[in-house]
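Accompanying notes for the structure given below.
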Amino acid sequence: MMGRLRTLTRRTFLIGSAAVAGGVVFGTYLAKRPVKNPLLTDLQQGEAAITPYVKIDSSGVTLITPRADKGQGAYSLQAQLIAEELDIDPASANLSPGLPGPAYYNGTVMEESVPFPAYNQGAMAETVRRFMHVPAKLLAMQITGGSSTVPDSFVKLRMAGAIARETLKEAAAQQSGIARDQLSTENGFVVLPDGTRLPYTELATPAAGIEPVTDVELRSKSDWKSLGKPMQRIDMPAKCTGTEQYGIDLQIEGMVHAAVRANPGLGAAVESYDATAAESMRGVQKVLPIENGVAVVADNTWRAWRAVDAIDIQWAAGPYPASTDEIFAKIEKVINNEAHRDHRQRDEGDVESALEDGDIFEAQYKVPYLAHAPMEPMNAIVKVTDDQCEIWTGTQIPLFVRDHAAALTGLDKENVFVYVQPIGGSFGHKLEDTHVLQAVEIAMALKGTAVKLVWSREEDMTHDYLRPGAVAIGRGKVADSKVDTFDLSVAQSALLPDWFGRLMKINIPGPDATITTGSWDQPFDIPNYRVTGYRAPTMVPISSWRSVGASGNGFFHDSLLDELIHKAGADPLAERIRLCLDDTSRKVLEKAGEISDWNGPSISENRGRGVAFCLSFGVPTAVVTEVTNTDSGIKIDKVYVVVDVGDVLDPVNLEAQVFGGVIFGMAHAMNCETTFENHAAQQNNYHAFEGMRLYQVPEFEVVALSNAGKIRGIGEPGVPPAAPSLGNAIFAATGRRIRELPFNKQIDFV
Amino acid sequence: MEITVNNTSYTIDAEPEMPLLWVLRDELGITGPKYGCGIAQCGACTVHVNGYAVRSCQLAIGDLGNSQVTTIEGLGTTQSLHSVQQAWIENQVAQCGYCQSGQIMQAASLLSTNPDPTDDQIDAAMSGNLCRCGTYPRIRAAVKAAAKKLQEV
Ligand code: FES
Ligand code: FES
């Protein structure tokens, strides 16, 4: 039977229904582009033109949640959005991240100018969208940049649920002869006026035979049953019983285990290798060269790793300066060097004249390169045959993975299948696919056999695409106890051209907004206010790291502001509030003052508090941190965080994302950096990249306001203000201003 | 060689120096224990050996002897949760969840030897378990909640 649809007025997407064996699916109809959809293999060729979100058959209800879950609860939230309108308990439904194939990367995304799957809170997509919109004017000042995917899912998935519900009711109406508006729904049943309950599962087949009911209205917020209230994440029981199956846990019939050792000089080749010892080790089946490295195939991960360690490899030198000092020297060379100016998106008042004379403040700041180091190391299972390539991996970029694998194997894209697995953390690393392509290379040499490649922690941390290191110079002036002039210059390598070049083989011209994202776009009104980005040459490979450009810029901007406020003799919180030109942001700052009982930066002898603010991904975020300067180091006592995301869909998960983001920001600020010697990253495991441990974790208080007009994602905004609030608190408690991360190079933590 | 995992005994043909973690994961297909670092720095691989929390990446199977190994799969199931797992779910601890098998095994071992730990004792016992997602505030809350539950039993 043909799929059906009806145009929804004033909507950019179409939701329709289609029959499948024994039931019905509801989803986005791809009018222009029928795509292969394995969920709908029952349909005839050309009819599978629907991206399903809901499938109902006699066995039950399946909710399809096509956007990646890296730990932020996206699967669960997508299901909750559908369930809210469908009137089912999402925990009773089957949940599927979607079977392989391009159908899940929906039409809206394909048609967007930004070439990204619409992942919830996708950092890179967010940044690119903003980059695409960057005009000369300060768009983000009106908080218009940022997420289109959260509001998109927010409407679309509820719409799919509502259309499914009304269509099931219509089927019941036709069956019972009672008008649809006399019927109600409850927990998987259509309920007739006399109380008779007809299960959805029995209405699925008749529902597939009628026109879907598409003129539906979404329920108003005040009628929500689950949304907006504390929810249970659907993946929680599996994650607490060891039964959640991540990519690394997956086992495929007949699978072999692979290990690789790639050149620690990132991007450079292998000159020669001697694998004699490895080849005779127990369980080793094959040793083979791969791009920039050598691979071992064995019958067990540990044996493969041991064997790869036993290969003697001569490496070509990495194509960038050999040491961190030399790399930073290149960055320092371009800052305030107008020949290397990338962009200046903020220039108010007359900074030049203001800084001509008088008492001018100047300081230099620095943030290090950083690995992502999610707990689940990079891994992939790949099986290549003459006709197709199948890939099982946790990834944020399944379409790029598909295209790259197609290019590598010479197969058509249609014959490459990417089965996205649950992800054990990403922080941006799974926006890269080097490890997947290595697995494809190995699998091509073992046609017909599934190959599971798992990077050792050491391979993972020394072959990452890092958060770029950056340098900033801040200058400024105060007048009448107020901040009068703020001039920030930031230099780093350009991130987006690097990433686009690597993943899409395209050259993006023009400025790289990420150099100043999180500093040029802050909602403050300072008489003379300027932010300039300088572009350092491309050196070590870099990529998006949780909160992208704002991860370093949040520290630069707010640290400089704090220093100028101190110089003005003003109160750190009151002066930020006075300077703030955006109502929503100002209320966030005020609330932070209220919940922290703010009364100045000093709490008592050896105790201090710092406030920091950053607007990123459209979310104004204020953090107040209280610390004690103990005899053996800084103790972080308590952290208060206030955000405004518009409507809060799940307050429990929101709180987790917020404190998780702040901990992530603080942990790296405390003690993490990735440095280079002989072209190789030096920190290869967690002993040298420790982050925060339980004993160091402060008490948290998180408040979410809902003054903003637009719903936002919250996976990243906690990160940027975390480091400066800690730095400002350390200054308040000790009088020491630390301008370079990580802080532990200059001060201890307890 | 014979090993006993979750009350089932298995015959293993492997080098005595192979870490228990890889025997569990690759030889037996028991994937609750996770690999995170391989050098005792993260705790993701934590299992119980004779009831005590042990980093399975550090324990060679040749050294196991007749010990009883319990993995998260043997601690409790969705149908019959261990109190620690119950507390973890009630407190909505997990984000990516990758570290949580290890966190839960560590907490269960702590509470079996010290049913009413102080904050400092919780910090001391749990600080070897890394969580990159930063779920720590809820780990702390869940350990305390589990301690209460166990005392009520
Ligand atoms: S894998 Fe064993 S402690 Fe990290
Ligand atoms: S929940 Fe992700 S590492 Fe702990």
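The values are calculated or read from the model by the stated rules, or taken from the named source; none is laboratory data. Everything numeric in this text was worked out from a predicted model, so none of it was measured. Here the Cβ positions follow ideal geometry from the backbone for every residue, glycine too, while neighbour counts run over all protein chains shown. To get the accessible areas, we keep the full protein, side chains included, count just its heavy atoms, and leave off ligands, DNA and RNA. Shrake-Rupley method; radii C 1.70, N 1.55, O 1.52, S 1.80 Å.
With all protein chains in place and ligands, DNA and RNA left out, the 1.4 Å accessible area ranks A:158, A:502 as A:502, A:158, largest first.
Heavy atoms of the protein chains alone define the surface here; on that basis the stretch B:83-152 has 30 Å² accessible area per residue at 1.4 Å probe size.
Peptide A:227-237 is shielded by partner chain Cβ atoms: per residue, an average of 3 of them sit within 10 Å of its Cβ. Residue A:220 contributes about 60 Å² of solvent-accessible surface, heavy atoms of the protein only, 1.4 Å probe. Karplus-derived 3J(HN,Hα) values for the stretch B:59-68, using 6.51 cos²θ - 1.76 cosθ + 1.60 with θ = phi - 60°, are 9, 6, 5, x, 8, 6, x, 9, 4, 9 Hz; glycine and proline are entered as x.
Couplings 3J(HN,Hα) of the stretch A:199-205, computed from phi: x, 3, 4, 7, 8, 4, 5 Hz, in residue order, whole Hz [Karplus 6.51 cos²θ - 1.76 cosθ + 1.60, θ = phi - 60°; x for Gly and Pro]. Centre-to-centre, using Cα atoms only, the stretch A:464-500 and the stretch A:665-708 are separated by 20 Å.
A 1.4 Å probe run over chain A, with the rest of the protein chains in place, finds 34 Å² accessible per residue. Modelled this way, with points 7 Å down the Cα-to-C-beta line, the labels at residue A:251 and residue B:141 are 3.7 nm from one another. The residues of the stretch B:103-138 occluded by other protein chains by 30 Å² or more of accessible area, set against the chain on its own, are B:123, B:127, B:130, B:132, B:133, B:134, B:136, B:137, B:138; surface from heavy atoms, 1.4 Å probe.
Taking the centroid of alpha carbons for each part, the stretch A:261-300 and the stretch A:377-406 are 21 Å apart. Shape class for the stretch B:2-75: rounded, because the ratio a/c of the largest to smallest gyration tensor axis (alpha-carbon atoms, square roots of eigenvalues) is under 1.5.
Here the calculated FRET efficiency for residue A:599 and residue A:340, from their Cβ-Cβ distance with R0 = 51 Å, stands at 0.70, rounded to the nearest 0.05.
Within a straight-line Cα-Cα reach of under 20 Å, residue A:225 can be paired with the following lysines, leaving aside sequence neighbours fewer than 8 residues apart in one chain: A:156, A:169. In the assembled protein chains, residue A:538 presents an accessible area of approximately 100 Å² (probe radius 1.4 Å). Averaging the sequence gap over all C-alpha pairs within less than 8 Å and six or more residues apart, then dividing by the number of residues, gives chain A a relative contact order of 13 percent. Nonpolar atom fraction for chain A, defined as the carbon and sulfur part of the 1.4 Å probe accessible area, stands at 47 percent. Close amide H contacts of residue A:417 (hydrogens built in the peptide plane, cut-off under 5 Å, sequence separation of 5 or more or a different chain): A:389, A:390, A:391.
These residues, A:638, A:383, A:413, A:447, go from largest to smallest accessible area, 1.4 Å probe, as A:447, A:413, A:383, A:638. A cut-off under 13 angstrom between Cβ atoms defines the neighbours of residue A:233, and their net charge, with Lys, Arg +1 and Asp, Glu -1, is -4. Our coupling estimate for the stretch A:87-94, obtained by passing each phi through the Karplus curve with A = 6.51, B = -1.76, C = 1.60 and θ = phi - 60°, is 6, 9, 8, x, 5, 8, 8, 7 Hz, Gly and Pro reported as x. For the protein assembly as shown, the dipole from Cβ point charges (+1 on Lys and Arg, -1 on Asp and Glu) about the Cα centre works out to 1120 debye, to the nearest 20. Charge tally around residue A:673: other residues with Cβ under 14 Å, Lys/Arg +1 each, Asp/Glu -1 each, net -2.
Between the stretch B:48-111 and the stretch A:572-636, the C-alpha centres lie 39 angstrom from each other.
If the segment from residue A:329 to residue A:178 were pulled out straight at 0.36 nm per residue, it would be longer than the present Cα-Cα gap by 46.6 nm. Note on residue A:505: aspartates and glutamates with a C-alpha under 16 Å away, same-chain residues under 8 apart excluded, are A:403, A:432, A:433. In plain terms, the chain from residue A:747 to residue A:220 could stretch by 184.5 nm, reckoned as 0.36 nm per residue minus the Cα-Cα distance. Evaluated at q = 0.09 Å⁻¹, the base-10 log of the normalised Debye intensity for the protein assembly as shown, with identical point scatterers placed on the Cα atoms, takes the values -0.96. The interface between chain A and chain B buries about 4900 Å² of solvent-accessible area in total (1.4 Å probe, ligands and nucleic acids excluded). Farthest towards the positive end of the charge dipole of chain A, among the residues A:418, A:705, A:364, is the Cα of A:418, using unit charges on the Cβ of Lys, Arg, Asp and Glu.
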